[in-house]
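The values are calculated or read from the model by the stated rules, or taken from the named source; none is laboratory data. Just so it is clear, the model here is predicted, and its values are computed rather than measured. Using ideal geometry, Cβ is built from the backbone for each residue, glycine included, and neighbour counts are taken over all protein chains shown. Surface accessibility is based on the protein's heavy atoms, side chains included, excluding ligands, DNA and RNA. Shrake-Rupley method; radii C 1.70, N 1.55, O 1.52, S 1.80 Å.
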Amino acid sequence: MSRIPRFQEHLKTGFTAEALSAARFRAYAAKADDDGLPNLARHWRQLAGEKDRLAIELLGAAGQARGEGTDIGNAISAERYENDVLYPKMEREVDDATRQVLVGVMERQKGHLSHLEDLRRQLMAAKGDVGLPPAAESAAHD
Ligand SMILES: [Fe+2]
């Protein structure tokens, strides 16, 4: 028997399906761009944005977007699991070409974890909001 109520389990399943579709559609958009089909790429990205909104609605209804430190803590736990358990386990079981992909992912993942840890430090020290991310900060000064 599941630990969480059925309605919440279904909302989370819906979230996972929609979030996965959004990411998949963005990959299809990148492929369409590579294939010289920018209009098709735009359709994929528009649909991905709609999937994002559904995913947000579903996760919110499941009570899983709680705000501030709770969300950052959950994100840090997920990144640590990916970095310490998921990818290292997969890396041991694949061919060289796939390992190269996973090694590249793990390198970038370390950056995600340190970004999240930095955000947690900022949030604990701040009275209100945290600072802008690096890309948004430079855009804000343009
Ligand atoms: Fe990540």
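See the values below:
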item	result
Portion, in percent, of the accessible area of the chain that falls on carbon or sulfur, probe 1.4 Å	56
Pairwise FRET efficiency - F7 versus E68, Cβ, R0 = 30 Å, nearest 0.05	0.75
Two-site label geometry, K110 and L132: point separation in nm, points 7 Å out along Cα→Cβ	2.9
Potential lengthening between R80 and L37 on full extension [0.36 nm per residue; Cα-Cα distance subtracted]	11.7 nm
Loop sites in the stretch 1-70: chymotrypsin sites (Phe, Trp or Tyr not before Pro), DSSP, at most 11 other Cβ within 10 Å	none
Check: the chain dipole with +1 on Lys, Arg Cβ and -1 on Asp, Glu Cβ, in debye	440
Cross-link pairs beyond the 29 Å C-alpha cut-off, checked among K51/K110; K89/K127; K12/K127	K89/K127; K12/K127
Accessible area expressed per residue, the stretch 1-86, with surrounding protein chains retained (probe 1.4 Å, Å²)	70
GluC sites (Glu not before Pro) within the stretch 80-140, DSSP loop, no more than 14 other Cβ atoms inside 10 Å	E93
